[in-house]
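Read-outs throughout are calculated quantities, based only on the coordinates presented, and are distinct from any laboratory measurement. Predicted, not measured: the structure shown is a model, and the values here were computed from it. Cβ atoms come from the backbone with ideal geometry, glycine included; neighbour counts cover every protein chain shown.
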Amino acid sequence: MKRPIGIYEKATPKHFTWLERLQFAKELGFDFVEMSVDESDERWARLDWTKEDRLEVVKAVYETGVRIPTICFSGHRRYPLGSANPELEAEALSAMKKCIELAQDLGVRVIQLAGYDVYYEDKSSETRERFIKNLRQSCNWAEQAQVMLAIEIMDDPFINSIEKYLAVEKEVDSPYLFVYPDTGNVSAWHNDLWSEFYLGHRSIAALHLKDTYAVTETSKGQFRDVPFGQGCVDWEQMFAVLKKTNYRGPFLIEMWSENCETVEETRATIKEAQRFLYPLIEKAGLA
């Protein structure tokens, strides 16, 4: 395919080095891998990688030709920008600055931010106000570094639609702030796809391909580990909307298969997703 298509790091074997991971992605025909900096101690520690650590990843990119253009920075669940705890708030900002510096060193173009004001705390007008204030500061750092920030549409009511993101975008008013929709998350909340993507198509930095189970009166939904084609995403309509709104950006297949028992099992799981998605992408004229 001409369109860049990537795979999420957490779909690849966890024990791989970055050279092995990028080579694995290349063998499967992917153009890029999205790195994860989540709330686990292991991945959070990447924010403090040495120059030698960073250079090793850059060398792997050049050796394989497989890029790392995006970081999924979900670690703000642990240290949220809107936290009422001053220590957590300070750590959130410190981590944001470190992540921007990491992106600079690795050649990453986009940092995807979790669209939560807080995750483990109670929400309030004050948590939203702090989130906006600290997001503004984050965008200032991003602009200085020429790294884009993009807010993911989430499994949380705080920002669960592109429309809600656009309100935040107006409030923050930064040329370095974008949205990073997730097909599953947008669908799970019963958003109108045409309205969402027509309103937001100028603000989209990239797109996750993922299936979900919908939120209902009796269910909180399921936002990960839903096999493609078995969830609530209307894939033909989704790709038709993306074609109609002239989306030209990359697709990132978001999966969690890093803990499969064998590398072959991981490879087979990813190939199954490709067999489902690629014909639909081609049929919609999005390849």
Partner lysines for residue 10 [C-alpha distance under 17 Å; skip if fewer than 8 residues away on the same chain] = 26, 210, 271
Length-normalised contact order of the stretch 153-287 in % [C-alpha pairs under 8 Å, at least 6 apart] = 21 percent
Segments 143-151, 175-183 sorted - mean Cβ within 10 Å per residue, highest first = 175-183, 143-151
What is the distance in Å between the Cα centres of the stretch 135-174 and the stretch 46-77?
-> 22 Å
Note on the chain: contact order normalised by length, alpha-carbon pairs under 8 Å, 6 or more apart, percent, works out to 19 percent
Would you mind computing, in nm to one decimal, how far apart the modelled labels at residue 19 and residue 173 are, each placed 7 Å from Cα along Cα→Cβ?
-> 5.0 nm
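If you build the convex hull over the alpha carbons only and average its shadow over all orientations, what do you get for the stretch 224-287? Give it in nm² to one decimal.
On the way: hull surface 18.9 nm².
One quarter of the hull surface, i.e. the mean projection, equals 4.7 nm².
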Expressed in nanometres to one decimal, the distance between label points 7 Å along Cα→Cβ at residue 40 and residue 269 is 1.2 nm
List 208, 190 from most exposed to least, where exposure is judged by having the fewest other Cβ atoms within 10 Å.
-> 190, 208
Sequence order, the stretch 108-116: Karplus ³J(HN,Hα) from phi using 6.51 cos²θ - 1.76 cosθ + 1.60, θ = phi - 60°, Hz rounded, Gly and Pro as x, gives 6, 8, 10, 9, 7, 9, 5, x, 10
So how far apart, in nm, are the two label points at residue 146 and residue 101 if each is 7 Å from Cα heading toward Cβ?
-> 2.0 nm
Okay, helix-only estimate at 222 nm for the chain: each DSSP H run of n ≥ 4 adds -39500 (n - 2.57), divide by all residues, round to 500 deg cm²/dmol; what do you get?
-> -14000 deg cm²/dmol
Cα atoms only, the stretch 137-220: Rg and Dmax in Å?
-> 13.4, 46
What ranking do 19, 106 get, fewest neighbouring Cβ atoms within 10 angstrom at the top?
-> 19, 106
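How high is the FRET efficiency between residue 1 and residue 244 when r is their beta carbon distance and R₀ equals 22 Å, given to the nearest 0.05?
Numbers: r = 19 Å, r/R0 = 0.88.
The calculated FRET efficiency here is 0.70.
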Taking the Cβ of each residue in 223, 30 as the centre, tally the other Cβ atoms inside 10 Å and list the residues starting with the fewest.
-> 223, 30
Got a sec to turn the phi values of the stretch 175-189 into Karplus ³J(HN,Hα) couplings, 6.51 cos²θ - 1.76 cosθ + 1.60 with θ = phi - 60°, whole Hz, x for Gly and Pro?
-> x, 9, 10, 9, 10, 10, x, 10, 4, x, 5, 4, 6, 4, 8
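How long is the gain from residue 194 to residue 55 if the chain were fully straight, where each residue apart is worth 0.36 nm and the alpha carbon distance is subtracted?
Stretched fully, the residue 194-residue 55 segment lengthens by 45.8 nm.
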Projecting the Cα atoms of 49, 81, 65 onto the charge dipole of the stretch 1-119, where Lys and Arg contribute +1 and Asp and Glu -1 at Cβ, the residue farthest towards the positive end is 65
Rounded to the nearest 5, the percent of antiparallel DSSP beta bridges in the stretch 5-283 equals 5 percent
